[in-house]
Amino acid sequence: MERVLIRDLKAHVGKEVTIAGWVDVRRDQGKMVFFDFRDRSGMVQGVVLPKSEAVDAAKETRHEYVVSVTGKVNVRPQKNVQAGKLNGDIELEVLRIEILSRAQELPFEKDTDINIDTRFDYRPFTLRSQRDHDIFKVQATVVDAYRQSLIAQDFTEFQAPSLVGGDAEGGAAVFKVDYFNDRTAYLATSPQLYKQIMVGAFERAFTVARIFRAEKSATTRHLSEATCVDFEMGFISDEREVMATLERTIRDVVETVAKKHADVFERMGVPVPALGDKFPVLTLREAHEKLGVTPEDDMTPEHERNICEWALKEHGSDFVFITRFPTNARAFYTMAEDGTLSRGFDLLFRGLEINSGAQRIHNYDEMVARIKERGMDPDKFQFYLQAFKYGIPPHGGCSTGIERFTMKMLNLGNAKEASAFPRDMNRIDLLLSQEGA
Ligand code: ATP
Ligand code: MG
């Protein structure tokens with residue numbers, strides 16, 4: 001019999017159907033066995049009556065067994081109806097169970113609230129929990145909505161390389177890789193340079209890229225491997241056009257996620273992000289003044305949290321832009337507004353930087369001069385510099401970290417929770433200190 005998805009069962013009341021999925025729960029009550037069966041579309045209660053030929057198979061199954069179940073879709077007696085729940089008013093009278101795959105004893109119950117490290121130790125199992133299901137369903141929508149919004153704004157998607165020949169940004173936080181011919185390659189810390197090269201060819205380009213950062217930091221917002229959505233656009237007059245494009249995109253993403261996953265926000269008890277009429281914009285100096293602290297070259301995590309509280313209170317927005325960071329605190333390709341301040345910006349969301357962007361230098365000579373100013377060798381950038389040699393429009397762009405965006409969207413305590421397979425200083429799947437890791 002053809003498989004019916006659990007969410008579609010209601011259309012089959014009174015009929016015999018076959019579903020396939022996991023045993024989420026098995027409860028024995030006297031001679032009856034009750035189940036919650038789970039597939040990708042939802043859950044349904046199954047009941048095995050004492051006379052059913054499925055009784056023996058039912059008694060053999062345990063949690064997470066994979067089964068194919070044939071049964072009759074019945075309307076539940078009124079007193080057993082669970083209003084507002086998928087399939088709360090129907091149940092499957094189980095006639096036959098075929099065991100497709102067995103599960104060994106589980107380390108703990110699937111939806112138990114356990115500490116984050118144990119959750120990662122048992123990732124292949126804990127990803128099945130409702131909470132992780134919610135997180136990664138939302139994340140999939142974030143990436144898809146981001147992509148759709150940029151495509152609608154005439155951006156071309158490209159695939160950026162993860163292996164790069166040089167440590168372009170000159171930072172220490174880069175992973176080295178043994179490459180052919182006794183050469184060292186590096187894992188990209190950002191798709192930035194390639195994105196700019198693509199502007200020379202497509203005007204508007206974006207990529208969903210893996211970035212690798214070898215920073216030895218153990219914070220709740222840093223992963224060794226992260227995902228970002230990076231876009232870059234040509235023919236801008238200044239960085240505010242990039243900010244406007246980013247704001248439109250973020251609004252699209254939030255609206256799509258809020259609409260599609262209203263149930264997740266409710267289950268997690270998290271408000272949908274507030275968008276206000278317009279994301280407020282403060283210069284770094286204004287932000288420090290508002291907070292009554294001494295001006296510095298960057299925002300501390302505490303400043304980021306406090307300024308977001310201000311934005312929500314005064315502007316009804318969970319997002320706030322900070323601009324005019326000192327040029328020397330930003331990446332080498334960032335355009336300066338006047339000598340010391342830059343045309344860069346950060347977007348903060350619920351107390352955390354989720355995006356950095358800027359207008360970039362587009363003049364070849366200026367770019368070469370800037371590279372030298374930073375004590376780097378223009379020869380090492382000759383591939384990238386071709387984009388500038390052969391004519392590139394004034395341009396700018398930015399990068400959103402997907403884990404941080406998801407983390408704040410759902411008020412998670414740690415960006416690692418928003419990574420299905422987090423890598424950090426201590427872990428690649430298993431703890432590095434663990435046997436077999
Ligand atoms: P921070 O100062 O918070 O360490 P950054 O300024 O170094 O971040 P950018 O180089 O601006 O980060 O990267 C763009 C975006 O990519 C960040 O705003 C963030 O959302 C994300 N991102 C960068 N590094 C990481 C990381 N190690 N883990 C998770 N996300 C990251
Ligand atoms: Mg940044």
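Annotations
- Here, the range 324-414 is characterised by an Rg to Rh ratio of 1.07, where Rg is the alpha-carbon radius of gyration and Rh the Kirkwood radius.
- Prolate/oblate/rounded call for the range 211-268, Cα gyration tensor, a/c under 1.5 rounded: oblate
- GNM flexibility winner over the chain from S356, S342, S237 (Cα, springs under 10 Å): S237
- For q = 0.21 Å⁻¹, Debye-computed log10 I/I(0) when each Cα of the range 167-235 counts as one equal scatterer: -0.94
- Projecting label points 7 angstrom from Cα along Cα→Cβ for D89 and Q434 puts them 4.5 nm apart.
- nm² value of the averaged projected area, convex hull over the Cα atoms of the range 318-357: 2.6 nm²
- For the pair the range 262-332 and the range 361-429, the centres of their Cα atoms are 21 angstrom apart.
- Since only G21, G42, S101 are under comparison, the one whose Cα sits farthest along the positive direction of the charge dipole of the range 6-101, derived from C-beta charges on Lys, Arg, Asp and Glu, is G42.
- Across the range 361-436, Cα-Cα distances exceeding 15 Å account for 70% of all pairs.
- Dipole in debye (nearest 20) - the chain, about Cα centre, beta carbon charges: Lys, Arg +1; Asp, Glu -1: 1180 debye
- Per the Debye formula on identical point scatterers at the alpha carbon atoms of the range 61-113, with no solvent, log10 I(q)/I(0) at q = 0.22, 0.30, 0.32 Å⁻¹ is -0.93, -1.01, -1.08.
- Put simply, when 303-315, 112-124 are sorted by average Cβ atoms within 10 angstrom per residue, most first, you get 303-315, 112-124.
- Rg and Dmax of the range 237-309, both derived from C-alpha coordinates alone, stand at 15.6, 44 Å.
- Options L246, F265, T219, ranked by Cα towards positive dipole end of the range 215-284, top entry (Cβ charges): F265
- One quarter of the surface of the convex hull around the alpha-carbon atoms of the chain equals 26.5 nm², the direction-averaged projected area.
- Sequence of K195, K380 once ranked by neighbouring C-beta atoms within 10 Å, starting from the fewest: K380, K195
- Viscosity 0.890 mPa s, temperature 25 °C, Stokes-Einstein D of the range 34-87 from Kirkwood C-alpha radius, µm²/s: 193 µm²/s
- Structure-based [θ]222 nm, the chain - -39500 (n - 2.57) summed over DSSP H runs of at least 4, per residue, nearest 500: -9000 deg cm²/dmol
- Intensity falloff of the range 6-101 expressed as log10 I(q)/I(0), Debye formula with alpha-carbon point scatterers, at q = 0.10, 0.15 Å⁻¹: -0.21, -0.50
- Over 25 Å (Cα to Cα) - which of K137/K195; K176/K408; K59/K137; K10/K260; K10/K31 fall in this group: K137/K195; K176/K408; K59/K137; K10/K31
A short reminder: the numbers here are calculations on the coordinates, not readings from a lab. Keep in mind the model is a prediction, meaning the values are calculated, not measured. Every residue, glycine among them, receives a Cβ derived from its backbone with ideal geometry; neighbour counts consider all protein chains shown.
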